[in-house]
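This report concerns only the one structure given below.
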Amino acid sequence: MSAQIIDGKMVAERTRNQIREDVDSWVEEGNRRPFLQVIQVGTDPASSTYIGAKTRACNDVGIETGTAHLPDTISAKELKKQIRKFNEDDNVDGILVQLPLPNHLSSHDVIESIDHRKDVDGFHPMNVGRLAVDQPTFRSCTPAGILELFKHYSIPTKSQHAVVVGASNIVGSPMAITLSRENSTGKATTTICHKYTKDITRHTIDADIIIVAAGQPGLIKAEMVKEGVVVIDVGINRVADETSKKGYKLVGDCDFEALKKKASWITPVPGGVGPMTVAMLMKNTLLAAKKSIYPED
Ligand code: NAD
């Protein structure tokens, strides 16, 4: 078997085209353009790259954006003061604090200080909680993007056994919640594995769908999955590559070449999940501008 490739780049482009049309209609109706406020603490190069991609995507769909660059020595108190300023600014629709934060800052504390009605990353406990009880919410962007990929390719999740490898607050956990809800999104039987799981092959071998977000290159090998599995590789890892100008290449968490021969569908890295994450951020920002999730009284 040779897997069909899930082309996240193409689906993201279509999604962005739709969002651009929706933004244009919103503006034609007399509203101001949606505005996304990004906050970068420090100068981590990977964070700068991600923010660059998000800024380009905003420009592409007609969403306005600005990035506040704050020093990595900033205190929690000062950072939260800055966030409060954006919470109270009626011209700011969405607020995104680029993670990871320097060690002296608690991401939980910082995320909770964002107004949940502007939390377009979907990381605030209010939004995660609403996800868990099937209420309208800002869905965290990576799981939401993966769901869009399933929809686009008509890959069913209902009654499937989905195994999520990785249980972080930003990817694995909301992914598992999304897949497991019986009355809304996934309707799948869902297993969550993490670094304390004793024998992950025992679980992955039984998966109809496997979603891997562990940040461990080569973690999932062909012998760990069954024939026909759907493989969604969220991992983004830099590994040394002397043949590339940069000296590294990006790989996922799965042995792509080997799994391609066994899976029915597979996402490449790059060009799979990543572009969808950014597209979903655009979608959430428009939803925030329209006050679609949390209507005003
Ligand atoms: P994280 O470090 O916060 O969490 C990793 C999770 O994987 C943890 O739950 C951990 O227990 C688990 N894990 C680690 N080693 C494991 C092992 N050997 N077996 C089983 N589980 C193991 O990471 P994260 O923020 O969730 O990101 C995971 C990966 O996804 C990273 O490579 C990150 O760069 C990537 N990522 C990609 C996107 C995208 O849009 N494509 C978005 C976010 C994160």
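The values are calculated or read from the model by the stated rules, or taken from the named source; none is laboratory data. Just so you know, these numbers come straight off a predicted model, no measurement behind them. All accessible areas refer to the heavy atoms of the entire protein, side chains included, with ligands and DNA or RNA removed. Shrake-Rupley method; radii C 1.70, N 1.55, O 1.52, S 1.80 Å.
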Pull up all non-local amide H partners of Ile39: gap of 5 or more, or a different chain, and H-to-H distance under 5 Å with H placed in the peptide plane.
Ala68, Leu96, Val97, Gln98
Translational diffusion coefficient of the range 1-89 at 20 °C, 1.002 mPa s, Stokes-Einstein with Kirkwood Rh over Cα pairs, in µm²/s as a whole number.
137 µm²/s
Test of understanding: what is the full-extension gain from Tyr196 to Glu112, defined as 0.36 nm times their sequence separation minus their Cα-Cα distance?
27.5 nm
What lysines does Lys262 reach when the alpha-carbon gap must be under 21 Å and sequence neighbours fewer than 8 apart in one chain are set aside?
Lys221, Lys226
Hz values of 3J(HN,Hα) by residue in the range 117-130 - Karplus curve (6.51, -1.76, 1.60), Gly and Pro given as x
6, 10, 7, 6, 7, x, 9, 5, x, 4, 6, 5, x, 5
Please report the antiparallel percentage of the DSSP beta bridges confined to the chain, to the nearest 5.
10 percent
In straight Cα distance, which aspartates and glutamates are under 13 Å from Lys54, not counting same-chain residues fewer than 8 positions off?
Glu64, Asp121
Taking Cα centroids, how far is the range 269-297 from the range 64-107 in Å?
19 Å
Just the number, please: Stokes-Einstein D of the chain in µm²/s, Kirkwood Rh from C-alpha pairs, 37 °C, 0.692 mPa s.
165 µm²/s
Please enumerate, by chain and number, the aspartates and glutamates with C-alpha under 13 Å from the C-alpha of Lys158, excluding those fewer than 8 residues away in the same chain.
Glu182, Asp208
Could you pull the accessible area for Tyr248 with a 1.4 Å probe, rounded to 10 Å²?
60 Å²
The chain, helix-only ellipticity at 222 nm - DSSP H runs n ≥ 4, -39,500 (n - 2.57), divided by all residues, nearest 500
-11500 deg cm²/dmol
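Tell me, what % of the accessible area of the chain is carbon and sulfur with a 1.4 angstrom probe? Walk me through the intermediate numbers first.
Values: 7270 of 14630 Å².
Carbon with sulfur: 50 percent of the solvent-accessible area.
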